[in-house]
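Notes for the one structure printed next.
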Amino acid sequence: MPPLPPLALTMGDPAGIGPEIALAAWQQRGERQLPVFAVYGDPAVFSARAALLGWPVCVKAIDSPGDAADIFARALPVVPVMPCIDVIAGRPDARNGSATIAAIDDAVRAVQWGSAAGLVTCPIAKSILYEAGFKHPGHTEYLAFLAEQAADNGMAIMPIMMLASDTLRVVPTTIHIPLADVPKALTAELLRQTIKITLDALRMDFGIEFPRVAVAGLNPHAGENGTIGREDADLIAPVIAALCASGHAVTGPHSADTLFHAAARRNYDAVVAMYHDQALIPIKTLAFDCGVNVTLGLPFVRTSPDHGTAFDIAGTGSASPESLIQALLLAKAITIARANAVA
């Protein structure tokens with residue numbers, strides 16, 4: 001198999017911790033055996049953040065990701081997007097929303113054209129982008145929109161969020177909605193597709209030949225035979241039964257309070273949960289610094305750190321790059337797995 005192109009890493013919000021965790025990750029490139037990556041952003045932001053922190057990092061502008069490999073050992077390669085305006089660490093500015101979005105656009109385009117192997121995204125602040133005119137619910141939805149535009153065949157793309165670590169993989173069926181809206185948002189088709197996309201990703205991206213998925217119940221004790229809500233028996237259980245009848249290793253609905261301890265985790269490869277906190281509290285308890293956000297269901301590889309912009313500590317040098325490092329390593333692993341599957 002020929003060498004893979006570099007990964008494309010977006011800068012995220014320039015006032016957040018994205019620039020410094022990218023700098024910190026690059027400084028650990030040798031000891032952590034990181035794949036070559038090209039940053040999409042404003043080179044001046046990275047040079048200024050390195051100077052602020054006193055880090056001896058050389059930042060070099062390049063024309064395309066293909067130029068990154070030649071300089072990666074000695075300089076952080078940055079593909080320039082539009083310049084940012086008066087960036088101050090920890091003080092987000094809506095005037096830089098356009099540059100943040102341009103970094104995403106250009107990096108996605110590089111992946112779609114094959115000049116970058118996969119996409120890794122640093123954190124953005126949706127509220128800041130909304131001030132700049134951003135009209136999408138979030139980062140992942142915007143990536144799905146870009147993928148649909150490129151497909152140009154009318155095919156709808158259903159992105160699924162997986163949080164992954166060495167100890168646990170979780171997929172929330174519903175994400176950023178009020179808890180009171182979760183029962184209304186859950187449908188048999190949404191759950192079926194979420195589980196199916198998860199099974200396919202475990203097989204193709206994680207190399208698990210016979211993947212096992214455990215499905216959490218919605219209600220306490222998974223409804224306890226209908227005495228604590230009917231959703232588990234009436235909606236979730238029939239979806240699981242149908243998938244099992246099709247030959248998939250899917251179990252549940254399980255009571256979520258006994259699903260995440262060490263012995264239980266040996267019985268599955270991923271959990272499909274019903275709502276945001278049901279999935280994210282366990283993984284952030286077990287793998288707070290090293291969890292990775294993987295977007296399933298896209299036609300290209302996308303990972304990101306499992307944290308936000310952390311404006312409160314931006315510019316202090318205290319932000320851990322570990323989640324970004326793991327996101328880079330996982331993006332490489334998934335890219336290789338997909339390439340081997342095609343070969």
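The values are calculated or read from the model by the stated rules, or taken from the named source; none is laboratory data. None of these values were measured; they are calculated from a predicted model. Note that we place each Cβ from the backbone using ideal geometry, even for glycine, and neighbour counts take in every protein chain shown. For the accessible areas, the whole protein counts, side chains as well, though only heavy atoms, and no ligand, DNA or RNA atoms are used. Shrake-Rupley method; radii C 1.70, N 1.55, O 1.52, S 1.80 Å.
A compact table of results
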{"quantity": "Amide hydrogen neighbours beyond the local backbone of Gly41, cut-off 5 Å, H modeled", "calculated": "Val79, Val81"}
{"quantity": "DSSP bridge pairs, the chain: antiparallel proportion in percent, nearest 5", "calculated": "30 percent"}
{"quantity": "Å³ per residue enclosed by the Cα convex hull of the stretch 46-129", "calculated": "104 Å³"}
{"quantity": "Rounded, prolate or oblate (a/c below 1.5 giving rounded, otherwise prolate when a/b exceeds b/c) for the stretch 76-168 by Cα gyration tensor", "calculated": "rounded"}
{"quantity": "Accessible area per residue, Å², the chain with all protein chains present, probe 1.4 Å", "calculated": "43 Å²"}
{"quantity": "Spherically averaged projected area in nm², based on the convex hull that wraps the Cα atoms of the stretch 229-304", "calculated": "6.6 nm²"}
{"quantity": "Hydrodynamic radius by Kirkwood, which averages 1/r over all alpha carbon pairs of the stretch 193-343, in angstrom", "calculated": "17.1 Å"}
{"quantity": "Angstrom value of the Kirkwood radius, inverse mean 1/r, which spans all Cα pairs in the chain", "calculated": "20.8 Å"}
{"quantity": "Interchain or long-range residues, amide H under 5 Å from His307's placed H", "calculated": "none"}
{"quantity": "Antiparallel bridge percentage (DSSP; both residues within the stretch 212-343; nearest 5)", "calculated": "25 percent"}
{"quantity": "Angstrom value of the Kirkwood radius, inverse mean 1/r, which spans all Cα pairs in the stretch 137-260", "calculated": "15.8 Å"}
{"quantity": "Between 0 and 90°, nearest 10: helix 97-113 axis offset from the chain longest Cα axis", "calculated": "80 degrees"}
{"quantity": "Nearby aspartates and glutamates by direct alpha-carbon distance to Lys126 (threshold 14 angstrom, same-chain neighbours under 8 apart not counted)", "calculated": "Asp13, Asp93, Glu141"}
{"quantity": "Along the chain, longest interval not containing exposed GluC sites (Glu not before Pro), exposed being DSSP loop plus at most 13 other Cβ atoms within 10 Å", "calculated": "32-208"}
{"quantity": "Relative counts (whole %) of C-alpha pair distances in the stretch 263-332, using bins that are 5 Å wide", "calculated": "3, 14, 18, 25, 21, 12, 5, 2, 0"}
{"quantity": "DSSP bridge pairs, the stretch 1-139: antiparallel proportion in percent, nearest 5", "calculated": "5 percent"}
{"quantity": "The stretch 141-150 - phi-based ³J(HN,Hα) in whole Hz, Karplus 6.51/-1.76/1.60, Gly and Pro as x", "calculated": "5, 5, 5, 5, 4, 5, 5, 5, 4, 5"}
{"quantity": "Carbon plus sulfur fraction of accessible area for the stretch 112-190, probe 1.4 Å, in percent", "calculated": "56 percent"}
